[in-house]
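Step one of this worksheet: look at the structure below.
Bear in mind these aren't lab numbers, they're just calculated from the coordinates by the rules spelled out. Keep in mind that what you see is a predicted model, and the values were worked out from it rather than measured. Methodologically, a virtual Cβ is constructed for each residue, glycine included, from the backbone with ideal geometry; neighbour enumeration extends over all protein chains shown.
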Amino acid sequence: MRWRRRRDRSGMELSMTSRRRRHRAGEDVADAVTTQAQALVLLWDRAEDWADPRVPPSQLRVLTVLSRHSTMNLTELSRELGAIPSSASRLCDRLEAAGLLERRINVGNRREVILRLSSGGRRRLEAFAATRRADFAAVLRLMTPDAQASLVTGLQHFSEAAAQEMGGSTREA
């Protein structure tokens, strides 16, 4: 029995060694991206440290999800978060007590509770966004225009590939 040889996109035959090298090269790039992304993640998270009172990341995620929808019910929120409804409900309890979320009874279905950001929750997210923008702008000013453009292009490609990899998942990364 004769083994079929694999070919790359250009039609060149790939040996087992070249396939291993390609796989290893992908791992090397993943290692480099992971290392370089740490600065980006630290800068992103820094805005949360200045919040007073501090909003834990799990609650901030709820606010972020709700900001993308005008209203949601608890089941939809749970699904979006990848959490069980009781856990999502407890997060909402805390956010409501802090004045960052509002619950309303659905007039069309009195058994359903509708969730939405309160004006305080919206202001909190806007403050986070403004702080993050200022932090990123300060760092980007230290980069050349070409480096800034390359960063944006690379992040766009990464976002597209990540969306494809997640296969339409509604959960946030």
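Translational diffusion of the range 30-171, estimated by Stokes-Einstein from the Kirkwood radius over alpha carbon pairs at 4 °C in a medium of 1.567 mPa s, is 75 µm² per second. Remark on the range 91-173: Rg and Dmax equal 19.0, 57 Å (Cα only).
Hey, what D do you get for the range 49-100 in µm²/s if you plug the Kirkwood alpha-carbon radius into Stokes-Einstein at 10 °C and 1.306 mPa s?
On the way: Rh = 11.3 Å.
Once the numbers are plugged in, D ends up at 141 µm²/s.
Residue separation of VAL29 and PHE158 scaled by 0.36 nm, minus their Cα-Cα distance, works out to 45.2 nm of gained length. Only one residue of MET72, LEU43, ALA30 has its Cα farthest out toward the positive end of the dipole of the range 25-90, where Lys and Arg carry +1 and Asp and Glu -1 on Cβ, and that residue is MET72.
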